[in-house]
Amino acid sequence: MRGLTWLLVGMLLAGLSDEPALASSGLNDLYIVNNDGDSNLATLTVTGSDNLLAIVQSHVGLGGANTLTVNLDGDLNGGPLGSAFDGPASGLGLTPGQIEQIGHDNVIALSVTGTSNLFALSQVGSGNGLSALIIGSNNQVAVRQGGSGNSLSLVQNGNGNILSVVQQSR
């Protein structure tokens with residue numbers, strides 16, 4: 001429940017200005033940029049310590065809301081302690097812990113259980129869907145979806161796995 005409280009505080013602060021909101025318990029850091037009021041929906045449940053998330057949601061166009069659901073259970077997940085991607089995940093230019101939705105009708109459902117998992121997800125366009133389940137330790141996931149109508153479902157289970165995906169529709 002603590003993560004959900006941060007979200008509500010962050011959304012309220014971001015809705016009042018053009019500056020990013022910061023919510024921190026001293027254990028986990030959450031940055032939320034949501035300048036579009038009711039045009040985006042985000043639900044987060046975070047348990048553990050030293051997790052870092054930076055969330056950008058920007059509604060562009062006439063369609064429905066961008067929707068984000070994150071369930072995070074563990075320590076040092078997202079992009080903590082100035083972490084960086086290795087191998088194929090580093091080639092996308094994404095920052096660990098960043099989740100970005102720009103456009104409309106984009107959906108992300110992310111569940112992470114474990115320790116020291118790095119991830120970054122980007123959706124730019126409309127009608128993109130992403131479902132990700134990460135279980136284990138020292139895994140890396142970097143996903144960029146661009147355009148319209150892309151769909152991706154991934155499960156990463158174990159330790160030390162690296163996944164990099166680009167989906168670009170025309």
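Readers should treat all values here as calculations from the given coordinates under stated rules, not as data from a laboratory. Computed from a predicted structure; not experimentally measured. When we count neighbours, we look across all protein chains shown, and the Cβ atoms used for this are built from the backbone with ideal geometry, even at glycine.
The stretch between Ser169 and Leu133 holds 10.6 nm of extra length on full extension. This uses 0.36 nm per residue minus the Cα-Cα distance.
Estimated at 0.36 nm per residue, the fully extended path between Val155 and Leu27 surpasses their Cα-Cα distance by 43.4 nm.
Which of rounded, prolate, oblate describes segment 40-99, given a ≥ b ≥ c as roots of the alpha-carbon gyration tensor eigenvalues and a/c under 1.5 marking rounded, otherwise prolate only if a/b is larger than b/c? Oblate, since a/c reaches 1.5 and b/c is not below a/b.
The Cβ shell under 12 Å around Ser148 holds other residues with a net charge of 0, Lys and Arg each +1, Asp and Glu each -1.
Please label the shape of segment 88-129 as rounded, prolate or oblate, based on the square roots a ≥ b ≥ c of the eigenvalues of the alpha-carbon gyration tensor (a/c under 1.5 means rounded; beyond that, a/b larger than b/c means prolate, else oblate). It is oblate, given that a/c is not under 1.5 and a/b is not larger than b/c. A Stokes-Einstein calculation at 10 °C with viscosity 1.306 mPa s, built on the Kirkwood radius of segment 21-149 over Cα pairs, returns a diffusion coefficient of 109 µm²/s. The packing ranking, built from the mean of other Cβ atoms within 10 Å per residue, places the peptides 81-89, 134-142 in the order 134-142, 81-89, highest first. The shape of segment 70-146 comes out oblate: with a ≥ b ≥ c from the C-alpha gyration tensor, a/c is at least 1.5 while a/b does not beat b/c.
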